[in-house]
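Just so it is clear, none of the values below were taken in a lab; they were calculated from the coordinates. Worth saying up front: this structure is predicted, and the values here are computed from it rather than measured. Because the Cβ atoms are built from the backbone with ideal geometry, glycine has one as well, and the counts that use them run over all protein chains shown.
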Amino acid sequence: MSQEKEFGKYSRQQLRELFSYHHLIKQQGEEISGIAREDASNLIEQLSVGPLWSTWYELTYNNFLIAMLSSFGLVEEVLAAAKQEDPQQAALDLDKDIDESPDDDIDEYSDDEKGVMTSLFFALHGNINAQRLYSQTMSELVSQAQYDDDSLFNAVLVDRSTVACPTIARRIQLAEIQHDESFLNKLTKAITRTRPRRPASELDDLRLMLDIVEDSKPLTEFSYDELYGLLIEDLELNPPNLSSDYYDGFKKLIQRRKPSGT
């Protein structure tokens, strides 16, 4: 029988490992952007044969993850991990195996397969960035964009290539036909990242990990001290200008996420 974990599905150590994994994805994205600024030829070639990564945002996040696993040939491994006594640890161990696998393995894939995998990586990067900013995936923001322009503008602020996403492109078409200058002006500000105002960047990692903890177990079932101890004292996800009274600011952040009346 598996041991009860302190944070729902995850132990404290597993949450440390999850944060390290998401931090690695962020670093890889920044490294790729740096390489592309120097010489984008290889990246352009891979992106030209793969689907636009914004089209993956049309899928629910779970279906997107299934597409990723299928593309990387990991469906059987993940299904096996789900049957383990501690499926979360088995999944984390699988991530480690992937990260430690030789880069030469990429040569086993065709150009088309590399294009799909590159597209999926950037979509994963966008989904994680959306969680950092808005505690929602891009899949959720794009789904809401069908009826809520604010979600659309938030999605564009996170990833400006989202204007090519069919759901958002259709809304832009409608605005063009209707000469809806108000919408188009707001879209321009989202693209230039002048409006909506970006959430405080120093809280990006804290919002991401709160999202992961909340998915594991409702925040209402934790005390402020438990969450503060994990996220601020242990993972050190505090703003760089942390003041001695940040505990109060942390409580307000949690209160905004908890249902009213709790």
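The table for this structure:
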quantity	calculated
Distance cut-off 19 Å, percentage of C-alpha pairs in the stretch 1-145 lying past it	60
Neighbour cut-off at most 13 other Cβ (10 Å), DSSP loop, trypsin sites (Lys or Arg not before Pro), the stretch 184-234	193, 197
Global size of the stretch 91-224 as Cα Rg and Dmax, reported in angstrom	18.2, 53
Length gained when the stretch residue 195-residue 16 is fully extended (0.36 nm per residue, less Cα-Cα span)	61.1 nm
Stokes-Einstein diffusion coefficient of the chain, Kirkwood radius over Cα pairs, 20 °C, 1.002 mPa s, in µm²/s	105
